[in-house]
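So the structure is just underneath, and the comments pick up after that.
The values are calculated or read from the model by the stated rules, or taken from the named source; none is laboratory data. These numbers come from a predicted model, not from an experiment. Here Cβ is always computed from backbone atoms with ideal geometry, including for glycine, and neighbour counts include all displayed protein chains.
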Amino acid sequence: MPRRLIYAANWKMNHGPTAARAFTERFLALTSPAADRELWLFPPAVSLTMVADAVCGRPDIRVGAQNVHWEPKGAFTGELAVPMVTETGARAVLAGHSERRHLFGETDEQVGRKAAAALKAQITPLVCVGETLAERDGGRTEQVVVRQVDAVLERVPAEDWARVVMAYEPVWAIGTGKTATPDDAAQVHSLIRFELSRNGVTGRVPILYGGSVNKGNVLSLLAREELDGVLVGGASLDADDWAELVGLGG
Ligand code: 13P
């Protein structure tokens with residue numbers, strides 16, 4: 001099967017509806033569908049409807065939420081339910097981004113619940129895992145990543161993993177300008193695949209790499225066949241730059 005890469009843009013807390021509209025219009029004008037790639041956009045919740053409506057004629061573009069609650073409704077002030085996300089036309093959700101884990105105290109168990117809730121609603125969870133600098137320096141990368149993967153395996157049965165996408169985002173590489181080397185990334189991607197197959201997951205779960213990806217390093221990262229795409233923060237915020245980056249082949 002020819003390789004189909006996923007280029008995912010996580011805008012984090014940037015681009016409200018006005019900026020999101022300007023970005024999307026420009027990005028649509030600069031790109032066209034290509035058989036060998038998918039383009040995913042994760043706007044802030046308030047911009048989901050606008051972006052999803054704008055890209056509805058482009059089957060190569062998928063829109064997703066940056067976070068959800070696992071309950072479908074209820075007294076959870078400030079939270080976003082999966083059915084609300086699907087109502088906007090979005091078809092994916094990030095689960096367990098490191099900023100959610102480390103800045104907002106999201107636990108492994110909650111990440112598993114979020115992934116399961118997305119699958120129940122027939123949308124794709126993009127499950128993020130990754131170690132901190134202290135964990136890497138302490139030789140605990142493998143232990144941490146396996147623990148994070150296992151927590152999702154506890155809530156998502158093996159047969160459902162055909163509908164899951166993962167991202168390896170080492171915390172020390174996010175927004176720091178430090179990128180994992182292609183070898184570092186490939187090694188952890190292989191570790192994740194081993195852990196999944198050890199637990200009965202048979203197909204190839206796509207795994208993206210994230211952490212200071214930019215136009216200068218994306219090609220050397222994607223040259224490794226262990227990577228199925230990239231999840232990008234800072235370098236995805238400008239439509240011209242992002243269109244250029246996604247135009248660089250794997
Ligand atoms: P940066 O690309 O800004 O390092 O962010 C990566 C990230 O967290 C994507 O989810």
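Restricting to the range 215-250, give me the number of residues that are of a type outside the set (D, E) and surrounded by fewer than 16 Cβ atoms within 10 Å (Cβ to Cβ).
Total satisfying the criteria: 8.
Mind checking which helices (runs of 4 or more DSSP H) fall wholly inside the range 1-100 and carry at least 2 residues that are under 28 Å from D240 (Cβ atoms)?
Values: elements: 17-30, 48-54, 82-87.
Of the helices (runs of 4 or more DSSP H) lying wholly inside the range 1-100, those with at least 2 residues that are under 28 Å from D240 (Cβ atoms) span 17-30, 48-54.
Looking only at the range 30-46, how many residues end up being over 17 Å from the mean Cα position of the chain (by Cα), free of Cβ contacts under 8 Å to residues at least 40 places away in the same chain and either within 16 Å of the ligand (Cβ to nearest atom) or over 23 Å from P83 (Cβ atoms) (or both)? Show your work before the answer.
Taking the range 30-46 as the starting set, the residues that turn out to be over 17 Å from the mean Cα position of the chain (by Cα) are 30-36, 46.
Restricting the remaining residues to those that are free of Cβ contacts under 8 Å to residues at least 40 places away in the same chain gives 32-35, 46.
Now drop any that are not either within 16 Å of the ligand (Cβ to nearest atom) or over 23 Å from P83 (Cβ atoms) (or both), which leaves 32-35.
Residues meeting the conditions: 4.
Sort out which residues of the range 198-210 are surrounded by 15 or more Cβ atoms within 10 Å (Cβ to Cβ) and not in a loop (DSSP other than H, G, I, E, B), and write them in order of number.
Result: I207, L208, Y209, G210.
Could you please give the count of residues in the range 111-163 that are over 18 Å from E195 (Cα atoms), β-branched (V, I, T) and not in a loop (DSSP other than H, G, I, E, B)?
Adding up the residues that qualify gives 1.
Report every pair of residues separated by at least 6 positions or lying on different chains whose Cβ atoms are under 7 Å apart, first residue within the range 165-188 and under 16 Å from R204 (Cβ atoms) and at pLDDT 95 or above, second more than 10 Å from the ligand (Cβ to nearest atom) and among the basic types (K, R).
Matching pairs, first to second residue: A186/R224.
Given the conditions (1) crowded, with 19+ Cβ neighbours inside 10 Å; (2) more than 11 Å from the ligand (Cβ to nearest atom); (3) within 25 Å of R37 (Cβ to Cβ), which single one is not true for T141?
With (1) crowded, with 19+ Cβ neighbours inside 10 Å; (2) more than 11 Å from the ligand (Cβ to nearest atom); (3) within 25 Å of R37 (Cβ to Cβ) applied to T141, the lone miss is (3).
Considering only the range 211-230, how many residues are closer than 16 Å to L126 by Cβ and either in contact with a His (Cβ under 9 Å, 6 or more places away or on another chain) or assigned to a loop (DSSP other than H, G, I, E, B) (or both)? Don't jump to the end; show me each part of the working.
Taking the range 211-230 as the starting set, the residues that turn out to be closer than 16 Å to L126 by Cβ are 211, 213, 227-230.
Right, trim to either in contact with a His (Cβ under 9 Å, 6 or more places away or on another chain) or assigned to a loop (DSSP other than H, G, I, E, B) (or both) and you get 211, 213, 227-228.
Residues that pass the stated criteria total 4.
Within the range 224-250, track down each residue that is out of contact with any strand residue (DSSP E or B) (no Cβ under 7 Å at 6 or more places or on another chain), away from the ligand (no atom under 16 Å from the Cβ) and modelled with pLDDT under 95.
Of everything in the range 224-250, those that are out of contact with any strand residue (DSSP E or B) (no Cβ under 7 Å at 6 or more places or on another chain), away from the ligand (no atom under 16 Å from the Cβ) and modelled with pLDDT under 95 turn out to be G247, G249.
Can you tell me how many residues within the range 58-97 are surrounded by 14 or more Cβ atoms within 10 Å (Cβ to Cβ), free of Cβ contacts under 8 Å to residues at least 40 places away in the same chain and of a type in the set (S, T, Y)?
Within the range 58-97, residues that are surrounded by 14 or more Cβ atoms within 10 Å (Cβ to Cβ), free of Cβ contacts under 8 Å to residues at least 40 places away in the same chain and of a type in the set (S, T, Y) number 1.
Do we have V165 as within 16 Å of the ligand (Cβ to nearest atom), closer than 22 Å to I6 by Cα and under 17 Å from the mean Cα position of the chain (by Cα) here?
Working: within 16 Å of the ligand (Cβ to nearest atom): yes; closer than 22 Å to I6 by Cα: yes; under 17 Å from the mean Cα position of the chain (by Cα): yes.
For V165, the condition - within 16 Å of the ligand (Cβ to nearest atom), closer than 22 Å to I6 by Cα and under 17 Å from the mean Cα position of the chain (by Cα) - is met.
Filter the range 1-29 down to residues that are within 16 Å of the ligand (Cβ to nearest atom), out of contact with any Gly (no Cβ under 7 Å at 6 or more places or on another chain) and of a type in the set (S, T, N, Q), then give me how many there are.
Of the residues in the range 1-29, 1 are within 16 Å of the ligand (Cβ to nearest atom), out of contact with any Gly (no Cβ under 7 Å at 6 or more places or on another chain) and of a type in the set (S, T, N, Q).
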